[in-house]
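The values are calculated or read from the model by the stated rules, or taken from the named source; none is laboratory data. Every value quoted in this text rests on a predicted model; they were computed, and no experiment measured them. A quick note on method: Cβ atoms are made from the backbone with ideal geometry, for glycine too, and the neighbour counts reach across all protein chains shown. Note: areas computed on protein heavy atoms with side chains; ligands, DNA, RNA excluded. Shrake-Rupley method; radii C 1.70, N 1.55, O 1.52, S 1.80 Å.
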Amino acid sequence: MGAVIMHNVVSVDGFIADHDDGVGPLHDWYFSGDTRLTETGADAGHDGRAEGGGFKLSRVSAAYVQPMWESIGVIVMGRTQFDLVNGWEGRQPTGDHVVVVSHRPKPEGWHPEASYHFVDGVEAAIEKAQELAGDRVVAVSAGEAGGQILAAGLVDEVAMDVVPVVFGSGKRFFGSFDGQQLLEDPHVVVQGNRVLHLRFKVRRS
């Protein structure tokens, strides 16, 4: 069974967006390099700037991101993010499936060809994602759903792409999670251009 990795781009003070879901400069590094990512399903990022042009990263960031994305079998996201990006119009950035944590079903008539699964509850969502992923990684988007999955003890690893900007307030990486969770020392530390890639395994008690 593949690892469950909670991941997102984040400001140095721990926010993944402002209160209006704007990402500001958080994703600039995806489009400011000279190395294009290959074999990704979607061309548009959170703010849509990659549409038609694809992701172009620095060489160092691309060498980190490409194999990570290729390891992903399933993306797990909350309903808020799904609605915000309209599920990337059924063409997820990577992986073969998307599991959406939602009390509401898939919108009627929405991209029937897309392998998107709407599941009520975080435990059921991770169970479904692991079933679909097999030995590949389950990538959990940070935010409210991600925080709930961490609180349920279902996250194996936390991956953060830290961008040198202070938001001051906004949507938190761990959502409304207010518990305490120890992580191991980072086993991945990669300095990119205007981004620091970090990965921490979750410490089990």
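Filtering the range 151-171 to residues that are over 25 Å from LEU57 (Cβ atoms) and in contact with a Phe, Trp or Tyr (Cβ under 6 Å, 6 or more places away or on another chain) leaves only ALA151.
Assuming GLN191 fulfils every condition listed in (1) farther than 18 Å from GLY14 by Cβ; (2) free of Cβ contacts under 8 Å to residues at least 24 places away in the same chain; (3) open to solvent by 80 Å² or more (accessible area, probe 1.4 Å) apart from one, which condition is it? Unmet condition: (2). If you check SER102, SER71 for being of a type in the set (S, T, N, Q) and without any contact (Cβ under 8 Å) to a residue 40 or more places away in the chain, only one passes: SER102.
When each of PRO25, PRO67 is tested for being outside any helix (DSSP H, G or I), over 22 Å from VAL122 (Cα atoms), open to solvent by 30 Å² or more (accessible area, probe 1.4 Å) and modelled with pLDDT of 95 or more, the lone residue that passes is PRO25. If the condition is being in contact with a helix residue (DSSP H, G or I) (Cβ under 8 Å, 6 or more places away or on another chain) and either without any contact (Cβ under 8 Å) to a residue 60 or more places away in the chain or over 16 Å from VAL155 (Cβ atoms) (or both), then the range 119-133 contributes VAL119, VAL122, ALA125.
Filtering the range 153-188 to residues that are of a type in the set (D, E, K, R) and either touching a residue at least 40 places away in the same chain (Cβ under 8 Å) or surrounded by 19 or more Cβ atoms within 10 Å (Cβ to Cβ) (or both) leaves ASP156, GLU157, ASP161, LYS171, ARG172.
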